[in-house]
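Beneath this line is the structure, given in structure tokens, with notes to follow.
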Amino acid sequence: MQLNTDPKRPHHYIIGVGVKSMRSKDPGKIYLKYGPIYYTNDDVTKVRDAKVLSEDRLFKTSSLDALTINECSQLVHSLTAMKYSASANDCTLHHFSSEHKLDDEVFETLINAANISKSSMKLLKDSQTRGF
């Protein structure tokens with residue numbers, strides 16, 4: 001996944017959004033299904049460094065060792081699990097970045113607002129990732 005790492009917005013969040021089934025009491029309503037998973041620009045750098053290390057032909061390093069060395073295995077495993085779970089449950093993933101750290105409730109509020117507000121729905125659609 002190619003993420004923006006703007007120094008002015010060092011805080012990142014990935015969330016998964018689901019849609020209630022036709023059998024639920026509120027069919028078609030979107031809701032926060034996964035996350036948020038929080039990480040920083042520094043974490044993105046660590047993951048990129050781990051990728052470079054795992055692809056180094058001179059100093060052969062397994063992907064798992066490269067992630068451990070760069071202290072980012074938990075983040076990568078969490079994102080991978082979210083990706084597969086979202087795919088299996090027909091959910092969308094969304095990336096947000098911020099100048100300041102955000103409370104988890106911000107995302108629940110945004111999603112609830114997106115059910116009734118076109119501008120909130122546009123923000124949610126614009127944040128959708130195209131896979132990673």
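What follows is calculated from the coordinates using simple rules that are stated; it is not laboratory data. As the structure is a prediction and not an experimental result, all values here were calculated from the model. Methodologically, a virtual Cβ is constructed for each residue, glycine included, from the backbone with ideal geometry; neighbour enumeration extends over all protein chains shown.
Residues in region 1-42 that are among the basic types (Lys, Arg), in contact with a strand residue (DSSP E or B) (Cβ under 6 Å, 6 or more places away or on another chain) and assigned to a loop (DSSP other than H, G, I, E, B): 1 in all. The residues in region 11-28 that are over 20 Å from ALA114 (Cα atoms) and free of Cβ contacts under 8 Å to residues at least 60 places away in the same chain can be counted, and the count is 1. The requirement of being among the aliphatic types (A, V, I, L, M), without any contact (Cβ under 8 Å) to a residue 40 or more places away in the chain and within 27 Å of LEU102 (Cβ to Cβ) is fulfilled nowhere in region 29-38; no residue meets it.
The set of residues from region 71-83 being farther than 18 Å from LEU32 by Cβ and surrounded by fewer than 18 Cβ atoms within 10 Å (Cβ to Cβ) comprises GLU71, GLN74, HIS77, THR80.
All of LEU93, LEU110 fail the test of being surrounded by 14 or more Cβ atoms within 10 Å (Cβ to Cβ), free of Cβ contacts under 8 Å to residues at least 24 places away in the same chain and closer than 17 Å to SER127 by Cβ, apart from LEU110.
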